[in-house]
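The values are calculated or read from the model by the stated rules, or taken from the named source; none is laboratory data. Given the structure is predicted, the values throughout are model-derived calculations rather than measurements. Backbone-built Cβ (ideal geometry, glycine too); neighbour counts: all protein chains shown. SASA here: full protein model, heavy atoms, side chains in, ligands and nucleic acids out. Shrake-Rupley method; radii C 1.70, N 1.55, O 1.52, S 1.80 Å.
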Amino acid sequence: MGCLLKQGGIHSRLRIGAVLLAAGEGRRMGGVAKPLITLQGVPLISRQLIALSGAGIDEVVVVTGYARHAVEEQVRSYVVTLAHNEAHADGQQGSVRVGLAALSGPFDAVIIMLADQPLIGAGDLTELIGAFKKRPAGHVVVPVVNGQRGNPIVLDDHALSRILASGTNLGCRHLIEHEPELVHAYETANTRFVTDLDTMDDLQRLAQQTGWRLELPALEPAR
């Protein structure tokens with residue numbers, strides 16, 4: 001016997017794209033290609049792509065820059081679109097725009113994801129997508145953990161169009177402090193949204209906390 005569902009109790013499936021940022025130079029780590037750091041023998045970028053696949057993301061663009069060829073080689077076995085940011089040294093915002101422009105769309109939502117968040121899995125992305133569906137207002141969902149802004153973030157087509165047309169800054173601090181009408185701050189206790197690897201201290205701390213093996217890739221040659 002079938003069951004009756006209350007109206008509004010089910011959210012329709014969204015078509016979701018993702019931009020995975022893997023272009024940074026790892027300057028605070030002395031020139032480490034962070035997407036190629038391995039956690040328990042698996043490169044971080046592979047972990048991110050597995051998470052995106054597990055969450056049912058429809059299309060993924062990987063933005064490369066520093067260590068381009070090594071990163072491209074690592075993702076060769078995945079069904080993704082590669083987009084290279086020649087000006088990756090100028091900062092993350094350029095890579096965001098390159099990635100958004102490379103999506104084929106249309107999408108109901110787009111996830112902007114960082115390649116240096118080692119603990120993000122499919123369940124975390126599903127949680128964030130659920131928060132996006134249930135948001136009371138706003139066009140960008142930003143996870144916030146104990147007052148700390150996190151990643152990934154999720155944007156709708158309105159925010160995506162506005163960003164591409166106007167150069168709106170996607171930085172969480174900028175959005176929340178200067179364009180609050182765009183943002184829904186998703187309050188959560190999930191610390192995986194605020195765990196990233198910016199410095200060697202971050203890497204060592206995570207290894208100590210988890211007991212997991214983290215290994216660095218070879219440094220890129222000076223250019």
Q. Restricting attention to the range 76-90, does a residue exist that is under 25 Å from residue 201 (Cα atoms), out of contact with any helix residue (DSSP H, G or I) (no Cβ under 8 Å at 6 or more places or on another chain) and open to solvent by less than 60 Å² (accessible area, probe 1.4 Å)?
A. yes
(Q) Quick test of your reading of the structure: residue 152 fulfils all but one of (1) open to solvent by less than 20 Å² (accessible area, probe 1.4 Å); (2) in contact with a strand residue (DSSP E or B) (Cβ under 6 Å, 6 or more places away or on another chain); (3) at pLDDT below 95. Name the failing condition by number. (A) (3)
Q: Could you tell me whether residue 75 is of a type in the set (Val, Ile, Thr) and either within 20 Å of residue 164 (Cβ to Cβ) or in contact with a strand residue (DSSP E or B) (Cβ under 6 Å, 6 or more places away or on another chain) (or both)?
A: yes
Q: Could you tell me whether the range 16-36 includes any residue that is of a type in the set (Val, Ile, Thr) and out of contact with any Gly (no Cβ under 8 Å at 6 or more places or on another chain)?
A: no
(Q) Residues that are under 23 Å from residue 193 (Cβ atoms) and open to solvent by 30 Å² or more (accessible area, probe 1.4 Å): does the range 103-117 have at least one? (A) yes
Q.
So residue 56 ticks every box in (1) surrounded by 23 or more Cβ atoms within 10 Å (Cβ to Cβ); (2) under 17 Å from the mean Cα position of the chain (by Cα) but one. Which box is left unticked?
A. (1)
Q. Here are 182, 175, 125, 203: which of them is modelled with pLDDT of 95 or more, touching a strand residue (DSSP E or B) at 6+ places or on another chain (Cβ under 6 Å) and crowded, with 17+ Cβ neighbours inside 10 Å?
A. 203
Q. Identify, please: which residue in the range 22-42 is open to solvent by less than 20 Å² (accessible area, probe 1.4 Å) and in contact with a helix residue (DSSP H, G or I) (Cβ under 8 Å, 6 or more places away or on another chain) and is, among those, nearest to residue 89 (Cα to Cα)?
A. 23
(Q) Given the criteria farther than 16 Å from residue 100 by Cα and either among the basic types (Lys, Arg) or loosely packed, with under 15 Cβ neighbours inside 10 Å (or both), does residue 15 qualify? (A) no
